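Okay, structure first, notes after.
No lab work stands behind these numbers, since they all come straight from the coordinates. These numbers come from a predicted model, not from an experiment. Neighbour counts are summed over all protein chains in view; Cβ atoms, including those assigned to glycine, are modelled from backbone coordinates with ideal geometry.
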Amino acid sequence: MTLNKDLFNNRITKVSVIIITSILIVFLLLQYYSYKAEKIRLQNYQRLSAINKTKTSEILRWYKERIIEVDFMSTTQPVLSQLKKILANPSDKQASDFIIKTLTSIKVNHEYNDIVFSDTNGNVLISFDSSFKEFRAKHRKRL
């Protein structure tokens, strides 16, 4: 017999070829799995980054709108004069009604549950919710 025939007929050689081929296939499968896992991770990262940017811009826009509303209220003379009346006399119903009437469109347009004006002690001066009288003690610290 020739050397090639003996080599392929040899049982050890057959087992060796099978083992080497199996190792090569496993290695290639692991490389492919690693590539796919990294690709999926990158896609998810990009998706989450896009969501993060969108939500951040929405929050910043919302915050800027609230600042604009507060600036508007703080520079509108009729509102300021009525707020001064309320600070001087918290039970002034006419001034409170004027402020609530003025704020109703903001409350409706932004779907707020309530809009509250309070003094520096946390006592509620104006609120759409008549049962809301004061801030809790733990919230006063932040005011």
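Miscellaneous remarks
- Placing +1 on the Cβ of every Lys and Arg and -1 on the Cβ of every Asp and Glu, with nothing else charged, gives region 28-143 a dipole about its Cα centre of roughly 580 debye.
- Projecting the Cα atoms of 100, 112, 60 onto the dipole axis of the chain, where Lys and Arg carry +1 and Asp and Glu carry -1 at the beta carbon, places 60 farthest toward the positive end.
- The calculated pair-distance distribution of region 52-126 uses every alpha carbon pair, bins of 10 angstrom beginning at 0, and gives 17, 45, 27, 10, 2 percent.
- Under 18 Å from residue 85, Cα to Cα: aspartates and glutamates that are on another chain or at least 8 residues apart: 97, 119
- At least 27 Å along the helix axis (C-alpha) and Kyte average at least 0.5, DSSP helices within the chain: none
- Per-selection metrics, the chain (Cα): Rg and Dmax in Å: 36.2, 118
- Taking the helices alone, the chain has a mean residue ellipticity at 222 nm of -25500 deg cm²/dmol, built from -39,500 (n - 2.57) per DSSP H run of at least 4 residues and averaged over all its residues.
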